[in-house]
1. Can you tell me the length gained on complete extension of the stretch Glu8 to Leu83, counting 0.36 nm per residue apart and subtracting the Cα distance?
2. Using only Cα atoms and rounding to the nearest 10 degrees, what angle (0 to 90) does helix 133-143 make with the longest principal axis of the chain?
3. Taking only Cα atoms and a 10 Å spring cutoff, compute GNM fluctuations for the chain and point out the largest among Glu62, Glu88, Glu40.
4. With all protein chains present, how much of the accessible area of segment 6-147 (probe radius 1.4 Å) comes from carbon and sulfur, to the nearest whole percent?
5. Calculate the FRET efficiency for Thr71 and Lys42 from the Cβ-Cβ distance with a Förster distance of 22 Å, rounded to the nearest 0.05.
6. Find which of Cys94, Val59, Leu83 sits farthest along the positive direction of the dipole of segment 8-103, computed with +1 on the beta-carbon of Lys and Arg, -1 on that of Asp and Glu, about the Cα centre.
7. Compute the accessible area per residue over the chain, keeping the other protein chains in place, probe 1.4 Å, unit Å².
8. What distance in nm separates the two pseudo spin-label positions at Arg21 and Gln140, each 7 Å out from Cα along the beta-carbon direction?
Amino acid sequence: MPAETRGELIIAEPLGHYAKRPPLVGDCSVLAAVLFDEPERKRAADALRGKEVFAPFLVDHELISVALKKTHQGLGEVVRQGLADLAELKITRCPVDGVAQWRVAIECELSAYDAAYLQLALDLQAPLVTFDRRLGRAAQRLLGSSP
């Protein structure tokens, strides 16, 4: 066997896009804060900056629900701008396994919607960012927490 074929195992792979932009699951509360200019907007935007944002497919429905509430509050212009920004926002929408989502919802006493975000974070082994205390505590328990 020639010397060139023995020795160290070499694995060559291109740098993934995660190397530049780490993954982050952003829930509706965080995305709505950014899109609809809520008081927490700056903190939410800072948390998302430089990350590749992921969300379950249901995120658009949840954001439209927020938009409807804000429209009824007389914030039509904010809603129009927020929905325009949503169309430009780079969010990778992902499916979530329903049975796994159900298990997380039962175990953590979460809504099916919140469990979808947490299950996606578990699937991706990515951090989850939220303003929702119940979801946040469940995420810290299952994912760990940062200081």
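The values are calculated or read from the model by the stated rules, or taken from the named source; none is laboratory data. Just so we're clear, the structure is a prediction, and the values are computed from it rather than from any experiment. In this analysis, Cβ positions are derived from the backbone assuming ideal geometry, glycine residues included, and neighbour counts consider all displayed protein chains. Note: areas computed on protein heavy atoms with side chains; ligands, DNA, RNA excluded. Shrake-Rupley method; radii C 1.70, N 1.55, O 1.52, S 1.80 Å.
1. Details: separation 75, 0.36 × 75 = 27.00 nm, distance 5.29 nm.
In short, 21.7 nm is gained.
2. Approximately 10 degrees, to the nearest 10.
3. Ranking Glu62, Glu88, Glu40 by mean-square fluctuation puts Glu88 first.
4. Working: 5000 of 9040 Å².
Using a 1.4 Å probe with all protein chains present, segment 6-147 comes out at 55 percent carbon and sulfur.
5. On the way: r = 24 Å, r/R0 = 1.07.
E(calc), rounded to 0.05, equals 0.40.
6. Sorting the options by dipole projection puts first Leu83.
7. Values: 9590 Å² over 147 residues.
That works out to 65 Å² for each residue.
8. Each label point lies 7 Å from its Cα, and together they span 2.9 nm.
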